[in-house]
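Working notes, structure below.
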Amino acid sequence: MSSNQPVLPHAVIALNASELTIVPEQWEVSHATTWLMDAVKESLSKNVKFRKHARMWRARGKRIDTVEDLLLSYYSSIRVVRIPCVGRPTLMKNQMEKLYGEIVASLENSKLSKRSLRMLLDVDELQPYLQFAFDHFARNLDRAFDFVQASFVSNPIPPDFAGNILKLAVNMMEIWENKLDGDGIFRELSLVVASCIMLDCSRKKNLGPATFIRN
């Protein structure tokens, strides 16, 4: 229920009350993940919603052959941890430690990704996002929370030339529904931006040939 987020979330699935009679390898996270993805592989063709989302991503040029491919369109990673039923306290302790470890690893990976994109928020920057999200879902549970629009609340676009170009790029992104990435959007905008710069230079009667004009 969110869009334009800088980093996709991680999914950690806990299979609770797993039978104690399963093969020992199933208590390993990698084996459990492979087993679950294999168990639901037919859902990609039989489940109506899965087929719908798979068609959408294929139309965007992404290869979707498995349920895991589809899930990784929405999550950075998928990890499965089995939690046993009662009777094996030591096994329960080990599996809970694995679950905690997967959560911590996902948090660290997400933090590193956000830091590399310069989108890692501190406590002061996070509060406006939380408030905006609360207000958003209090009014509408069916519409996705837009991280870009939320960022404008605490960091409004300046009303100068660069700010207006950014507003135009954001509007194009919303109209094209993510059919183009950032490079593609600004490539499409390049002629319009160049024309605006030349018009501004002409009005202000800037000296020198166009090849030497710098904005």
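Quick notes
- Between helix 29-39 and the chain: long-axis angle, C-alpha atoms, 0 to 90°, nearest 10: 90 degrees
- Against the chain, whose longest principal axis is taken from its Cα atoms, helix 123-139 shows a tilt of about 80°.
- Using a Gaussian network model of the chain in which every pair of alpha carbons under 10 angstrom is joined by a spring, one finds that among Lys62, Lys205, Lys98 the greatest mean-square fluctuation is at Lys205.
- Annotation: peptides 131-139, 10-18, ranked by per-residue average of other Cβ atoms within 10 Å with the highest first, follow the order 10-18, 131-139.
- Charge-dipole axis of the range 2-116 as Lys and Arg at +1 and Asp and Glu at -1 on Cβ define it, positive-most pick from Trp27, Leu107, Val80: Leu107
- Overall form of the range 77-178 per C-alpha gyration tensor (a/c, 1.5; a/b vs b/c): prolate
- Net charge of the neighbourhood of Pro84, taken over other residues with C-beta under 12 Å away and scored Lys/Arg +1, Asp/Glu -1, is +3.
- Listed peptides 78-89, 112-123 by packing density, highest first (mean Cβ within 10 Å): 78-89, 112-123
- Cα centroid of the range 55-73 to Cα centroid of the range 81-141, whole Å: 24 Å
- Subset of Lys62/Lys114; Lys46/Lys93; Lys167/Lys204 violating a 30 Å alpha-carbon distance limit: Lys46/Lys93
- The calculated 222 nm mean residue ellipticity attributable to helices in the chain amounts to -18500 deg cm²/dmol, summing -39500 (n - 2.57) over DSSP H runs of n ≥ 4 and dividing by all residues.
- Cα-centre dipole for the chain with unit charges at Cβ (Lys and Arg positive, Asp and Glu negative), debye to 20: 600 debye
- Shape call, the range 1-122: gyration tensor on alpha carbons, a/c limit 1.5: oblate
- Under 13 Å, Cβ to Cβ, from Val104 - net charge with Lys/Arg +1 and Asp/Glu -1: 0
- Long-range HN-HN contacts of Ala14 with modeled amide H, under 5 Å: Val81
- Cut-off 13 Å (backbone N to label point 7 Å along Cα→Cβ of Lys49), residues of the range 4-23: none
- In sequence order, the range 181-189 has phi-based couplings of 7, x, 4, x, 5, 6, 5, 5, 7 Hz under the Karplus curve 6.51 cos²θ - 1.76 cosθ + 1.60, θ = phi - 60°, and Gly or Pro positions carry x.
The numbers here are math on the coordinates, done by the rules we state, and not lab data. No experiment lies behind these values; they were computed from the predicted model shown. Here the Cβ is made from the backbone with ideal geometry for all residues, glycine too, and neighbour counts use every protein chain on show.
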